Amino acid sequence: MAKTRIAVTIETDLLERLDELVALEHFPNRSQAIERALAEKLQRLRRTRLGRESSKLDPAKERALADEGLASEATEWPEY
């Protein structure tokens with residue numbers, strides 16, 4: 001996968017904590033630590049959005065629709 005170099009500004013104490021993790025060999029270097037942290041955060045946000053959208057569903061209505069689909073032998077989806 002292609003990579004792009006960027007410059008970021010972060011708080012000094014955050015950088016010091018990051019450097020400690022690199023020194024303890026939790027990460028090979030700063031770049032990989034930041035890349036992994038960003039990827040994990042983006043994945044978490046994606047799951048949070050899915051949960052938020054799922055919570056908007058009406059469980060009783062969804063169950064009725066599922067039961068209707070299981071009970072019928074229709075070859076097409078019903079129109080809603």
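Of the labelled options (1) 9.6; (2) 10.6; (3) 5.0, which one gives mean projected area of the Cα convex hull in nm² as computed for this structure?
Computed from these coordinates, mean projected area of the Cα convex hull in nm² corresponds to label (2).
If you fit an axis through the alpha-carbon atoms of helix 59-71 and take the longest principal axis of the Cα set of the chain, what angle between them do you get, 0 to 90°, nearest 10?
60 degrees
Which listed residue (18, 34, 65) has the Cα farthest towards the positive end of the charge dipole for segment 12-71, taking +1 on Lys and Arg C-beta and -1 on Asp and Glu C-beta about the Cα centre?
Result: 65, furthest along the dipole toward the positive end.
Per DSSP helix of 4 or more residues, -39500 (n - 2.57); summed, then divided by the residues of the chain. What does that give at 222 nm, rounded to the nearest 500?
Details: 3 runs with 51 residues, N = 80.
After summing the helix terms and dividing by the residues of the chain, the value is -21500 deg cm²/dmol.
On a 0 to 90 degree scale, rounded to 10, what angle separates helix 30-55 from the longest Cα axis of the chain?
Taking Cα atoms only, the helix is inclined about 20 degrees.
Counting only other residues whose beta carbon sits under 14 Å from that of residue 38, what net charge do I get with K and R as +1, D and E as -1?
Working: positive: 3, 30, 36, 41, 44, 46; negative: 35, 40.
Computed value for this residue: +4.
Against the longest principal axis of the chain, how steep is helix 12-23, in degrees 0 to 90 to the nearest 10, with axes from Cα atoms?
90 degrees
For residue 5, what is the net charge nearby, where nearby means another residue's Cβ is under 15 Å from its Cβ and Lys, Arg count +1, Asp, Glu -1? Don't skip to the end; give the middle numbers.
Details: positive: 3, 30; negative: 35.
Surrounding charge for residue 5 is +1.
Taking the Cα centre of the chain as origin, sum charge times position over the Cβ atoms of Lys and Arg (+1) and Asp and Glu (-1), and report the length of that vector in debye to the nearest 20.
In total the dipole reaches around 360 debye.
Loop only per DSSP, at most 11 neighbouring Cβ atoms within 10 Å: give me the trypsin sites (Lys or Arg not before Pro) in segment 2-69, ordered by residue number.
Numbers: sites: 3, 5, 17, 30, 36, 41, 44, 46, 47, 49, 52, 56, 61, 63; in loops: 3, 5, 56.
Passing both the DSSP loop test and the Cβ count: 3, 5, 56.
Values quoted throughout were computed directly from the atomic coordinates according to the rules given, and no laboratory measurement underlies them. These numbers come from a predicted model, not from an experiment. In this analysis, Cβ positions are derived from the backbone assuming ideal geometry, glycine residues included, and neighbour counts consider all displayed protein chains.
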